[in-house]
Structure formats: structure tokens, C-alpha cells
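Working notes for the structure below.
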Protein chains: 2
Amino acid sequence: MSRAEYPVYLQLRDRLWTWIEQEQLCSQQKLPSERELSERFGTTRVTIRQALSQLEAEGLIFRSNRRGWYITPERLRYDPSRDIGFNHYVTEQGFSPRTETLFKELTEMPPWLSEITGLPVGTPIYHVFRRRYVNERGLLVEHNFINPAKCPGLLSESTDLSIWKMLKEQYDLVPDHRDIEIYPLALKGLEAESLNVNQGTAGLYIHRLSFDQEGEFLELDREYWLHDALKISVHVGSRH
Amino acid sequence: MSRAEYPVYLQLRDRLWTWIEQEQLCSQQKLPSERELSERFGTTRVTIRQALSQLEAEGLIFRSNRRGWYITPERLRYDPSRDIGFNHYVTEQGFSPRTETLFKELTEMPPWLSEITGLPVGTPIYHVFRRRYVNERGLLVEHNFINPAKCPGLLSESTDLSIWKMLKEQYDLVPDHRDIEIYPLALKGLEAESLNVNQGTAGLYIHRLSFDQEGEFLELDREYWLHDALKISVHVGSRH
């Protein structure tokens, strides 16, 4: 792409990012308002917004509902081959985790879940929907589908901490094996709303299906992450 | 979100997707033109395009340059903990891989790469830039940075096949360990152009850094994937 074809908002994106680096704005620090930025860079609000949206798509800044633009913190690392719980890997990296239960219910297994678990449609199933925060930024929402036959009474406990820990400590349930799938997707519907992002915003999906030693269905997690929040990190081979 | 707030283009997205499912359009099959679709669904071209863009963001359809819209094939599976080469896992899943070298050169190690490899800035380094296809759809572009001290003359060979295989069979080089990072990102610049997508389109980034038994830098791969092409798939625990 020659300079002549390089759009104005992308030129502005580069000037804006250079300025942010020079100012040494750090993680979760607030940017000046759009009005102030458009004055500083001698451009219109429309162009400033295009440049900010570009930096957002690149995961360098994020928008906090009605409160302005902020510098994105470094991505959290997650190793699916190690597969430890959220609270564990967040604290291990020096951050503060928090979980908020948005709803929980005893419901009936829908057809799509029946296909995955091998259990009949209509089988009772616990469904918990939670939002999880790192350093008070909401990074993901998560649907947990848990087999109540394995852990009756689970829903009467608080689900604001680790469900894995509860399953282990109170029901002696440790998953024998899990299948994990991870891919980018567009956040929409309930998940987009609960993360305060526009419908269709880029996100990352993690699907984690766990079975017990008898090969019976224990739990399914479906996590919807902001696109800029997580990186998958795997070490293969000998340790050095 | 109540029905009243549900935007028209999202309602159309649902009708469009229901119709596609009923018609049983399959992988890589072409959709009718935008003009035909807007007539069929009694709506404007603008709304049809919004609905199509939504399905594209969800990874259900993709656009092929100037040739129209197509049904996205199922995602390719990649297991970073297993970490086998592209040609291997593509063929294993019953698809046809192809690789096209876009450029290759002997250059000097830039500062960012020096930081990663521990080798001095200016050290000679091979740089290969390739586009890779599955069933003739270009899914990713890849930068390979290879240490020429380990494999002198590599660039005089064809790089349209597996570089891993060349390193192994011709130079007896097998990586001792690799660090792999994967995260969503916005495709831009050369990578967006080479994949024929708009600047800022959602994508998936894979970074694979390999060292030999002496702990010396062997190779860095930086892969830029279309957002709808790949899923990370990991099995943890016992095999059932």
C-alpha cells in the first residue's frame, strides 16, 4: 500500500499511538476525551472516532461504558493443556479475579446439549450464567451446564467462587478428561449485552466439556471473552 | 433484548440463515447474488448487506473477492500441544493443503526479533512469507524467520512445501522445544492485503518460537489466519 492510498484515519491512528507511547500511558489508564483529542490532533470527531475504533480492533485500547477510552492491560495467559481454573491462573499472574453470578437455574437439557452429552433431552441440568472480572474489568461471561445427578444441591451454594473447587471439595468430583475448543467469534445477544459491547463485536470462545472416570457427563463451560483479554500460551517439548 | 428492539438487519439475518439451512447449501457453495437475495426477501440491498456482514462476522459465510458470498467450510482443527505441521494436520482431516511462497530473502535481524531470539541486531536471518490454502481457499499468511547458521542454503530450495520437513530431512534439525501463543487480532497492512480482506478485519494470530537442543534460536513462525478458518482443539486427561 503506497502512502497515497493510506487512509487519513490510519495515519491518525499511527500519530495517536505514537503519542500514547510517548506519554507512557499505562494499563487501564484513561485517554483524554474525544473532544480534547480532536483539538490536540487538529481533526474532526468523526476521524478521531475512526482512529480510536481501529486501535480498539487491534486490542490496544478499550471503551468503558459511557466513561471513555482506556489503555488495554496485557493479555491474561491461559494454557489449555495445563487446564487449571480461572481463579488459579489469574492469581498466579498477579491479578485479582472476581466472579458475579447473573442467574442460575435448574432446567431441562435442550436438544443441542443432549447431542454433546449423550444424555436424553429433558434430563435435569443446572445452568449457571456468570460474569468474570480481572482487576475489576469484566473480561468474559460464562455459561456452566452441570450434571445435577453428580452434585445435588449445588445451586443452593454461592456460585461466585470456583465451581471446579466446589465440585472437588464438596462432591469429590475431579474430571477424568476434558475436550477443549477455542476459536474467534462475533459476540451477540445476551453475551454481548452482558459484556457491554455492541452486537457483532469480535470475541473469543472457549468450550470445555468434562467427563468423569465412568465417561459420564460432568460439566460444560461455554466462555465468551472480549477479543483483547486473553492469549493461549502453550509450551511444547523439554523445559529450559 | 425485546423483539421491538431487535434490529431489522438481525431479523433478516435469522430469516436468511433459516433459508440457507433449509436449502441445505453446503461448504464452499455460492449464495445467490445480493440483488437476487434482496428480491427474494423483499428488502433493500443495504439491509441485505448488513445481514450478510453479520453472518460473515459470525463465520457462517465468507466473501470471495468480486465473486460473491459462499458458505464457510467447517473449521480446521489445530492442537498446539501436539504441534504437528500444517500439511500433516490438514491431510489428516481429509483436506488438501497448498502453500505459495510470496517472497523470501536473506535479511538482518531487526530489534524486535533480537529481543525474542537473544541474537544480536543485524545477525543474518532468513525471512520467508507464504500464503497457505486448504481446498484452494487461502486461509492464512505466514512469516517464517529462520536461523541461517543452522541451515545454510535453505533459501535456494523450494519453500512451497513443509519447512519443518526440510529442516528435519536435509539439516537434521528437530526443535527441542517451542513456545506457542495464540490470540485474536485485527488483520492489517500486508497480511490483510495478502488475504484479500479489508484492513481491520478480525483474524487469529499464532506465534510459534522454536529452539534446538542447545537452547539456540531455530525458527519463528508468525501466522495470520482468517477468523473463521481454525479452531484450537485440545484433549486433557485420559483417552476414552
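I want to confirm something. Restricting to the range A:211-240 and keeping residues that are among the hydrophobic types (A, V, I, L, M, F, W, C) and in contact with an Asp or Glu (Cβ under 8 Å, 6 or more places away or on another chain), which single residue is farthest from the other protein chains (Cβ to nearest Cβ)?
A:Leu218
Name the single residue, out of those in the range A:192-206 being open to solvent by less than 30 Å² (accessible area, probe 1.4 Å) and not small (Gly, Ala, Ser), that is farthest from the other protein chains (Cβ to nearest Cβ).
Checking each candidate, the answer is A:Leu195.
Inspect the range A:17-39 for any residue being in contact (Cβ under 8 Å) with a residue 12 or more places away in the chain, open to solvent by 60 Å² or more (accessible area, probe 1.4 Å) and assigned to a helix (DSSP H, G or I) and give the result as yes or no.
No, the range A:17-39 has no match at all.
Is it the case that the range A:174-190 has a residue that's more than 9 Å from chain B (Cβ to nearest Cβ), out of contact with any Gly (no Cβ under 7 Å at 6 or more places or on another chain) and among the aromatic types (Phe, Trp, Tyr)?
Checked against the condition, which is being more than 9 Å from chain B (Cβ to nearest Cβ), out of contact with any Gly (no Cβ under 7 Å at 6 or more places or on another chain) and among the aromatic types (Phe, Trp, Tyr), the range A:174-190 yields no hits at all.
Would you confirm whether any residue within the range B:133-155 is open to solvent by 30 Å² or more (accessible area, probe 1.4 Å), in contact with a Gly (Cβ under 9 Å, 6 or more places away or on another chain) and among the charged types (D, E, K, R)?
For the range B:133-155, residues open to solvent by 30 Å² or more (accessible area, probe 1.4 Å), in contact with a Gly (Cβ under 9 Å, 6 or more places away or on another chain) and among the charged types (D, E, K, R): absent.
Considering the range B:69-93 alone, what residues qualify as being open to solvent by 40 Å² or more (accessible area, probe 1.4 Å) and at the interface with chain A (Cβ under 10 Å from one of its Cβ atoms)?
Across the range B:69-93, the qualifying residues are B:Arg77, B:Ser81, B:Arg82.
Which residues, taken from the range B:50-68, are open to solvent by 80 Å² or more (accessible area, probe 1.4 Å) and either modelled with pLDDT of 90 or more or in a strand (DSSP E or B) (or both)?
B:Gln50, B:Arg63, listed by residue number.
B:Thr47 versus (1) open to solvent by 60 Å² or more (accessible area, probe 1.4 Å); (2) of a type in the set (Val, Ile, Thr); (3) farther than 30 Å from B:Tyr126 by Cα: which is the lone unmet condition?
Just one mismatch for B:Thr47, condition (1).
Condition test on A:Arg45, is it more than 14 Å from chain B (Cβ to nearest Cβ) and among the charged types (D, E, K, R)? Explain how you work it out, then say what you get.
Numbers: more than 14 Å from chain B (Cβ to nearest Cβ): yes; among the charged types (D, E, K, R): yes.
So A:Arg45 passes the test.
The values are calculated or read from the model by the stated rules, or taken from the named source; none is laboratory data. Quick caveat: nothing in here was measured; it's all calculated off a predicted structure. Cβ coordinates were reconstructed from backbone atoms using ideal geometry, including for glycine residues, and neighbour counts include every protein chain displayed. What goes into the accessible areas is simple: the full protein's heavy atoms, side chains included, and nothing from ligands, DNA or RNA. Shrake-Rupley method; radii C 1.70, N 1.55, O 1.52, S 1.80 Å.
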